[in-house]
Amino acid sequence: MPFTPFHFGAGLALRSVTGEWFSFTVFCFAQVLIDLEPGWYMLRGEDEIHRFLHTYLGATLAGLAAAAGKPACEWALRLWNSRLSSAQARWLGVAPRISWTAAALGGLAGGWSHVFLDSFMHADMQPLSPFQAGNTLLFAIHVDTLYLGCAVAGAVGLAIHLWRRR
Ligand SMILES: [Zn+2]
């Protein structure tokens, strides 16, 4: 997606149903890692900008790399917590530890959902490469519907998260 944060909606929804088994932070880290690829090729002025990291194979490796970044994600969570007042911490405070299981699930779900969602909208993607050429999902869902779905998933996930904090 041209706007990476839309992917976070799927992560919020997943987190709301999986709880501590899934790291939303590692999920988001995987999104950013994968979208560094089109950013890099855009800066170089190339036309084909969704390449290896936008395949399921590449996204699996990116997801595992994001999981290996668990210590950096935990540091980011501690930093986040340290910036909250005690009133804010009640609603927005997060557990600063991430299990390796949650990191792996967050990273892999992040990588695979990224490729799945992007497959609907990027004509230069070949998600099953090098095993299969082409992209059968391209434009199977309208881009506006895709954005709306991500936004609704994020809103529902956030609502469930806050409701549990009540
Ligand atoms: Zn992307």
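The values are calculated or read from the model by the stated rules, or taken from the named source; none is laboratory data. Just so it is clear, the model here is predicted, and its values are computed rather than measured. Every residue, glycine among them, receives a Cβ derived from its backbone with ideal geometry; neighbour counts consider all protein chains shown.
List of remarks:
- Flag for Ser99 being within 16 Å of the ligand (Cβ to nearest atom) and surrounded by 12 or more Cβ atoms within 10 Å (Cβ to Cβ): no
- Residues considered: Val26, Val17. Of these, the only one that is surrounded by fewer than 18 Cβ atoms within 10 Å (Cβ to Cβ) and not polar (S, T, N, Q) is Val17.
- The lone criterion from (1) farther than 23 Å from Phe139 by Cα; (2) among the charged types (D, E, K, R); (3) at pLDDT 95 or above left unmet by Arg15 is number (3).
- The requirement of being under 18 Å from Phe6 (Cα atoms), surrounded by 20 or more Cβ atoms within 10 Å (Cβ to Cβ) and not aliphatic (A, V, I, L, M) is not satisfied by Asp144.
- Pairing residues of the range 71-93 that are over 16 Å from Phe24 (Cα atoms) with residues that are at pLDDT below 95 and not in a helix (DSSP H, G or I), at Cβ distances under 7 Å and at least 6 apart in sequence or on separate chains, gives Leu84/Gly93.
- Within the range 70-90, the set of residues being more than 20 Å from the chain's Cα centre (by Cα) and surrounded by fewer than 11 Cβ atoms within 10 Å (Cβ to Cβ) comprises Leu79, Ser82, Arg83, Ser85, Ser86, Ala87, Arg90.
- The range 94-115, residues that are under 11 Å from the mean Cα position of the chain (by Cα) and farther than 17 Å from Trp80 by Cβ: Gly107, Leu108, Ala109, Gly110, Gly111, Trp112, Ser113, His114, Val115
- Any hit, the range 110-118, residues being under 27 Å from Tyr41 (Cα atoms), modelled with pLDDT of 95 or more, out of contact with any His (no Cβ under 9 Å at 6 or more places or on another chain) and among the hydrophobic types (A, V, I, L, M, F, W, C): yes
- Filter result for Ala62 (assigned to a helix (DSSP H, G or I), within 16 Å of the ligand (Cβ to nearest atom) and of a type in the set (Gly, Ala, Ser)): yes
- When the range 5-49 is filtered for residues that are outside any helix (DSSP H, G or I), touching a residue at least 40 places away in the same chain (Cβ under 8 Å) and more than 10 Å from the ligand (Cβ to nearest atom), the ones remaining, listed by number, are Phe22, Ser23, Asp47, Glu48.
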